[in-house]
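Structure record follows, encoded as structure tokens.
The values are calculated or read from the model by the stated rules, or taken from the named source; none is laboratory data. For clarity, every value in this text was computed on a predicted model and none was experimentally measured. As a convention, Cβ positions derive from the backbone with ideal geometry for all residues, glycine included, and neighbour counts pool all protein chains shown.
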Amino acid sequence: MTVTRPPAEAPASILVVDDDETVADVLNHWLSAAGFEAAVAPDGETALVSLGRVLPDVVVLDLSLPGLGGLEVLVRIKSAMPRLPIIILTGTSDVETVVAAMQRGAHDFLTKPVDKQKLLSTVGRAVDHYRLSERVAELQRIDGGDGFPGIVGRSTAMRQLFRQMERVAASDVTVLVRGESGTGKELVARALHDHSARKKGPFVAINCAAIPESLQESELFGHEKGAFTGASARHSGRFEQAQGGTLFLDEIGEIAPSLQAKLLRVFQERRFHRVGGTQEVQVDVRIVAATHRDLLAEVEAGRFREDLYFRVAVFELEVPPLRDREGDLPVLVGHLLRDLEKKHHKPELVLEPQTLGLLATYGWPGNVRELQNALERAVVIAMDGVICPEDLPRRIAERRETRRPASAATGVDPGQGRGGGESPITSGTEVRDGDAREAHAEPPEGVGREAARTPTKMIELERQAIVQALADSRGNVSEACRLLGIPRTTMYRKLRRHGLRAEE
Ligand SMILES: Nc1ncnc2c1ncn2[C@@H]1O[C@H](COP(=O)(O)OP(=O)(O)OP(=O)(O)O)[C@@H](O)[C@H]1O
Ligand SMILES: [Mg+2]
């Protein structure tokens, strides 16, 4: 199998946790001067909440911290990001603490006062160690062929998301999934669950926006018999239903202000009371939340508790809008049409080239969900399975003035499907302006009309998607499978079908 080297590596980022400002400043200065990106947290709480934003390669952690102690912080970081190396800082006399820290998974230790060369070499080794372990984990995952099935994406933006999901999926850390509506937030939440140790446990979702304020408490926490009129029996809430698994708190920005304090307590202690109950209930649940809102702005506006925000946003995942996923559109269209073929019992759905051109250059404010709806509507209207521009919603089909430049978003060559190169790996991923314009224009009368009417068959779209995925993965079949969200067996079948060869 071909193993491709990762792209040129970004500078390693180091999180320094020390309450002594002078020490923190000096370490920060040394690390920055040596080419690391350093961030400083003055205490354990701040360190924990900034993990998701800093995404450090290494943490340098002082063991004697005010508030949450160093060992406790160590344990919590380890449970959130098990592979992340932590180098502890201690006074010379703390042999027992050093031993305790090493037993809890510290990677190495430095004694104060810190020696500059020793710091830089220890941090450098830890960075190499971490990057190698990440790479090994990635290769194991690709070899296992699992990836994130069902999440299609080959764009830089989506790969970045996958990398972050990999970092956090296996742990129990609370994750906030942010993204515009229809970007796939729930899909991401489910994938995190499916890749965690809790995957055999339940995945329970609750959409806070869909439940009136007055019912939110009993939906989340359940109620006792007789707690209110109509409560004829005890009812367990979503937290209890998710016991041993993952609770997905969708649209957490819509949680009633009156409930936020109760929720904070569950985030902290996993304990609550059912409505009307006196006995405390304890649960073991991993929480993944989602919002389309800017929660920090909600905090600033006084609608969302700040302390709750910091508990929710321990690790943030940003799902990019479709317009920023360069190159994803044809693959997504292929994937969604395959689903629609099954759902509507159509043997083969076909796109006219113009249709693809229109899809490729639309801005998709409603993201993947809007694309899915537009295609489904088109499939229903186009009874014969050939989807023409007229079958698309008017806002997509009738754009003449508001055309976006072809290079803006999708990287689709609307001329695809008219053949393609001989070699399995072509470089035809850029958009050529001329082609894109052609694809928008009305089919010219007479000349060219025939060509414009030739349907882009799904099979050709599929070939193009495979060729692009192989090009992107530099011929690495496992990686291409992951990008396309298909198993290897399917890939090999398809390669044969299209007469493509791939390096192994
Ligand atoms: N990358 C993707 N690959 C395949 N299907 C996707 C992808 N992203 C989203 N979808 C599909 O698009 C639809 C919308 O996704 P999802 O419900 O996860 O989005 P959301 O961000 O939660 O949307 P909303 O804001 O409307 O709740 C789903 O049917 C999902 O399966
Ligand atoms: Mg959703």
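Tabulated data for the structure shown
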read-out: Evaluation of R238 against (1) touching a Lys or Arg at 6+ places or on another chain (Cβ under 7 Å); (2) closer than 15 Å to R286 by Cβ; (3) within 16 Å of ligand 2 (Cβ to nearest atom) (one fails), failing number; value: (1)
read-out: Unique residue being closer than 21 Å to L176 by Cα, within 16 Å of ligand 1 (Cβ to nearest atom), surrounded by 14 or more Cβ atoms within 10 Å (Cβ to Cβ) and without any contact (Cβ under 8 Å) to a residue 40 or more places away in the chain when the list is I211, I252; value: I211
read-out: Pairs where the first residue, in the range 111-135, is free of Cβ contacts under 8 Å to residues at least 40 places away in the same chain and of a type outside the set (A, V, I, L, M, F, W, C) and the second is loosely packed, with under 15 Cβ neighbours inside 10 Å and assigned to a helix (DSSP H, G or I), C-beta under 8 Å, 6+ apart; value: none
read-out: Residue match in the range 78-90 (condition: of a type outside the set (F, W, Y), over 17 Å from H129 (Cβ atoms) and part of a strand (DSSP E or B)); value: yes
read-out: Failed criterion for L119 (all others in (1) on the phi < 0 side of the Ramachandran plot; (2) in a loop (DSSP other than H, G, I, E, B) hold); value: (2)
read-out: The range 37-58: number of residues that are over 19 Å from A313 (Cα atoms) and surrounded by 23 or more Cβ atoms within 10 Å (Cβ to Cβ); value: 3
read-out: Residues within the range 181-195 that are more than 10 Å from ligand 2 (Cβ to nearest atom) and touching a helix residue (DSSP H, G or I) at 6+ places or on another chain (Cβ under 6 Å), tallied; value: 2
read-out: Selection count, the range 289-303, where residues are away from ligand 1 (no atom under 11 Å from the Cβ), touching a helix residue (DSSP H, G or I) at 6+ places or on another chain (Cβ under 8 Å) and among the small types (G, A, S); value: 1
read-out: Lone qualifier among P365, P330, P353 - being within 16 Å of ligand 1 (Cβ to nearest atom), at pLDDT below 85 and in the same structural domain as A469 (by TED's automatic domain parsing); value: P330
read-out: Qualifying residue in the range 296-315 (condition: within 16 Å of ligand 2 (Cβ to nearest atom) and on the phi > 0 side of the Ramachandran plot); value: no
read-out: Sole exception among (1) farther than 30 Å from Q464 by Cα; (2) within 13 Å of ligand 1 (Cβ to nearest atom); (3) crowded, with 18+ Cβ neighbours inside 10 Å for R198, by number; value: (2)
read-out: Output for the range 173-189, where each listed residue is surrounded by fewer than 19 Cβ atoms within 10 Å (Cβ to Cβ) and either in the same structural domain as R369 (by TED's automatic domain parsing) or assigned to a helix (DSSP H, G or I) (or both); value: E186, L187
read-out: Pairs where the first residue, in the range 369-381, is crowded, with 20+ Cβ neighbours inside 10 Å and the second is assigned to a helix (DSSP H, G or I) and modelled with pLDDT of 95 or more, C-beta under 8 Å, 6+ apart; value: L371/L322
read-out: Answer residue from the range 255-282, given it is surrounded by 19 or more Cβ atoms within 10 Å (Cβ to Cβ) and either on the phi > 0 side of the Ramachandran plot or within 28 Å of the chain's Cα centre (by Cα) (or both) and is farthest from ligand 1 (Cβ to nearest atom) among those; value: V266
